[in-house]
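The values are calculated or read from the model by the stated rules, or taken from the named source; none is laboratory data. Computed from a predicted structure; not experimentally measured. Note that each Cβ is placed from the backbone with ideal geometry, even for glycine, and that neighbours are counted across all protein chains shown.
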Amino acid sequence: MAEGVFRHLVEERGLAHRFHIDSAGTASYHIGELPDERARQVCLEKGIVLRHKARAIHSQDANEFNYLVVMDHSNKRDLDIFFNKYSKKNILLFGEWFNAPVVIPDPYYGKLEGFYEVYDLVEKQTRELLEYVCYTHAIEQT
């Protein structure tokens, strides 16, 4: 959901050519699958189509991305350990860019309402992330 929402915001601002956006899991549970049907439904209602397929994080991500944004402390710990082998990486918990870390709950085992709640959190946090990245790297809307 976070990848799709962030991608949508970047495209709205006319900045798609300045960003490489992807998502990956720390576990290999759903590799090759589309996002959860409930996540797709919530995003579609907001005008966002989720088309990406799940993949696991890999060592090349250390060189390919400036930021790795994680949903919770467990993911952060996993990536800190994983990428320590390859390079020092900028691994951030959602909201950490403004010193206000936010844990994004996993709605997978809950009801549809949880996906709406997560969407709202993700949308707010990805807006702030986009502002942070644009400011930090002096990226202007084209």
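Descriptive notes on the structure:
- Pair list, Cβ < 7 Å and 6+ apart or interchain, from segment 122-137 residues that are of a type in the set (S, T, Y) to residues that are crowded, with 16+ Cβ neighbours inside 10 Å: T126/A2; T126/V5; T126/F6; T126/L9; Y132/W97
- Of all residues in segment 11-35, those that are without any contact (Cβ under 8 Å) to a residue 24 or more places away in the chain have Cβ atoms under 7 Å from Cβ atoms of residues that are among the basic types (K, R), 6 or more apart or on another chain, in I21/R7; G32/K53; E33/K53; L34/R40; L34/K53.
- Pairs are defined by a Cβ separation below 8 Å, a sequence spacing of at least 6 or placement on different chains, a first member in segment 63-81 that is modelled with pLDDT of 90 or more, and a second member that is part of a helix (DSSP H, G or I) and small (G, A, S); the pairs so defined are V69/A2; M71/A2.
- Scan segment 11-27 for residues that are surrounded by 12 or more Cβ atoms within 10 Å (Cβ to Cβ) and over 14 Å from the mean Cα position of the chain (by Cα) and the total you get is 6.
- For segment 111-142, the tally of residues that are at pLDDT 95 or above and of a type in the set (G, A, S) stands at 1.
- If you go through segment 91-117 and pick out every residue that is farther than 25 Å from H30 by Cα and either in contact with a Phe, Trp or Tyr (Cβ under 6 Å, 6 or more places away or on another chain) or exposed (fewer than 13 other Cβ atoms within 10 Å of the Cβ) (or both), you end up with 4.
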